[in-house]
1. Skipping prolines and chain starts, which residues have an amide H placed within reach, meaning under 5 Å, of the one on W59, given they are 5 or more residues away or on another chain?
2. Taking the Cα atoms only, what angle lies between the long axis of helix 61-73 and the longest principal axis of the chain, rounded to 10 degrees?
3. Taking the highest mean first, how do the peptides 10-23, 55-68 order by number of other beta carbon atoms within 10 angstrom per residue?
4. Compute the angle between helix 20-34 and the longest alpha-carbon principal axis of the chain, please, reported from 0 to 90 degrees and rounded to the nearest 10.
5. At 0.36 nm per residue, minus the direct Cα-Cα distance, what do N72 and Q23 gain on full extension? Give it in nm, one decimal, please.
6. Between N55 and N11, with labels modelled 7 Å along Cα→Cβ, what's the label distance in nm to one decimal, could you check?
7. Find the accessible area per residue for the chain; the probe is 1.4 Å, ligands and nucleic acids are left out, and the unit is Å².
8. Using a probe of 1.4 angstrom, how much of the accessible area of the chain is carbon and sulfur, in percent?
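The values are calculated or read from the model by the stated rules, or taken from the named source; none is laboratory data. Every value quoted in this text rests on a predicted model; they were computed, and no experiment measured them. Every residue, glycine among them, receives a Cβ derived from its backbone with ideal geometry; neighbour counts consider all protein chains shown. The accessibility values were calculated without ligands, DNA or RNA, using every heavy atom of the protein model including side chains. Shrake-Rupley method; radii C 1.70, N 1.55, O 1.52, S 1.80 Å.
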Amino acid sequence: MYGQTPFGFKNINGTLIEDPLEQFILKQMREMRQKGSSLNEIARYLTNSGIPTKNGGRWQSNTVNQILSRLNSGSRSF
């Protein structure tokens, strides 16, 4: 595996393993979007809730968009 480990997973010796806490956050992100929250609102919620990104920074709408797009495509290839 190359590059950064996708949000929702841990890299254990080169194998992607679901991270339960991050999977829960992904579920929240999907639900918020389905209920009509904007990407900015989701990013603000995650940041204000103290949920770190993979890099430990603030959430941005483009990061939320990339993650939700990956989830919506059903792709598990990273």
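1. Counting only residues 5 or more places away or on other chains, the set is T47.
2. Helix 61-73 sits at roughly 60 degrees to that axis.
3. 55-68, 10-23
4. Once rounded, one gets 40 degrees.
5. 16.2 nm
6. 1.5
7. Per-residue accessible area for the chain comes out at 67 Å².
8. Ligands and nucleic acids excluded, carbon and sulfur reach 46 percent.
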